[in-house]
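Scroll down for the structure; my scribbles are underneath it.
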Amino acid sequence: MSSKFFSDSGLSQSPQFGPLDNCIPFFISSLSSQGFTPGSLRSKTQIMRNFNLWIGKRQIKVCELNEGVIDSFFKQYPRPGYVRRGDFSTLCTLLDWLREINEVKALLPQTDNSELHRIECNFSRHLEQERGLSKATLHNYLPVIHCFLTERFGSDDVALSEIDASDVTRFVLRYAHTMSCRRAQLMTTALRRFFRFLYFRGDIASDLALSVPTVADWKMSELPKSLEPEEVEHLLQNCNRCTSIGQRDYAVLILLARLGLRAGEIVAMKLDDIDWEAGLITIRGKGGRHDQLPIPHDVGEALATYLRHGRPLCNTRHVFVRARAPHIEFSSSVAIANIVRRALRRAGLDPIRKGAHLLRHSLATHMLRQGGSLAEVGEILRHRDSNTTAIYAKVDLTALRMLAPQWPGGNL
C-alpha cells in the first residue's frame, strides 16, 4: 500500500537521511488503511520528512522522541510560531504509533499520591466493580465529587470526618441554579452515592446522604416530547440515500424510530451483533445488559445498504463509523444526537427536544395510540422498571377519557 501511494503521488522513497527513514512508509500505509485521501497523505508525508530531517541534524534518536521534541520542532521550523493545519496532530499521531510498535517507550502513568486522588480512585472502583455502573456514569459522577472536595478543603489535606451537613447544602445551593434540572439531579445523585459510600466504609460518622437537598422535579409533570408518525416518516425520507453519509444517517435514524434504541446502544453496536439468518439484532444496553430484538424489513434493508455501499473500509468491528478519516467508531453518543439534529433541520422540524431520545419517545407514543399496552411498550423499550414506562400513560388519551369523570352539564 505504501509503495503504491509513493508511486502514485510522485514522492520519492529514497532515504531522507533521518532516523525515521524506515518508519515513515509503514506509518503512511497505516494512515492509508484508515481512509485518508492521497492529498492528505502527501501533506502528512511532507511534515514528517521535515521533522525527520530536523531530528537527524540534531542527532535525536527515535527512542528519544516525545511531546517536548515535537514542540521544539514547531518553535524552530520552518519559522517560529508557524503551524500548518494538521501538522501538529500528524506528528502526535506518529508518536503514538511509534509507541504502539515499541519504537518509543510508552508514557508512564503520572502518579498522584494525594489523599484526594486516593479517595476518588476508591469511589470509582466501588461504582464500577461493586455497583456495576458504566464508564459514562463515572464520567458524570467523579467531576462532581472532585469539585466538592476541592472547594471544601482547597490545598489542605482532605479530612472526611470534618465534612458536615452545612457544607453539603451550601455546595448544592451554589451550583443547582446554574444548571438544568436534570444536571442538578445528577449532581445530587452523585453526592448521595458518595456520602453513602463513605458512611458504609466508616469514613464519616453520620449518613450525609440524608442532608443532600432534593431538586424539585415533579415526576410525570410533563408529556413526553414526541413527533407525529407523519413527521417521523418525513424525517426519514429527507435523508439523501444516494450518498454514503446519507445511507449511514438513514440507518441510524430508522434504528431509533423503529426499535426505539438509545444513542449509546447504536454507538456500541458491532457487526457480530447482527444475525442475518435469524433476523435478530443484539442490543448492548445499559448496565451491561444484552437483549435481542427482531430486525424489521426496512431496518434490515437500511443496514444492508449502508454496510454494502456506504460504510468505508476500516478495521473496526463497530457498525457505524466516522465518514471522514480516520474511519473509526464514534467516540460517544453525542455523534448520534448530532445526526438527529441535522435530520430535523433538513426536514424543517423544530420540536422542543432534538436529541436521539425524541424518536424513542415517538415510537412509544405511537404504539400506545395504536392500542399497545404499557407492558408492551416497556418490553420494546427494554425498561427494567415499569414506573419508567408509566409516563407514557398520559399520551393514551382514549384510556384517560374512560377514567375521567363526566363534567356536570357537559359531554366528554
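Every number here is computed from the coordinates shown, using simple stated rules; none is lab data. Source: prediction; values computed, not measured. Don't worry about glycine lacking a Cβ; one is built from the backbone with ideal geometry, like all the others, and counts go over all protein chains shown.
Brief remarks on what is shown
- In the structure shown, the pairs 135/354; 75/135; 105/286; 61/270; 225/286; 44/286 are assessed against 32 Å; a Cα-Cα span above that value is assigned to 75/135; 105/286; 61/270; 44/286.
- Spin-label model distance (nm) - residue 244 vs residue 353, 7 Å beyond Cα toward Cβ: 3.4 nm
- Paramagnetic reach from residue 165 (point 7 Å along Cα→Cβ, amide N under 13 Å) across the range 190-219: 206-214
- Estimated inter-spin distance, residue 33 and residue 301, nm [label 7 Å along Cα→Cβ]: 3.6 nm
- Per-pair calculated FRET efficiency, R0 = 25 Å: residue 206 and residue 181 via Cβ, rounded to 0.05: 0.35
- Summing charges over neighbours of residue 196, with a neighbour being any other residue whose Cβ is under 14 Å away from its Cβ, gives +1 when K and R count +1 and D and E count -1.
- Ranking of 248, 196, 241, 353 by neighbouring Cβ atoms within 10 Å, starting from the fewest: 353, 196, 241, 248.
- Among 242, 314, 121, a tally of other beta-carbon atoms within 10 Å of each Cβ gives an order, fewest to most, of 242, 121, 314.
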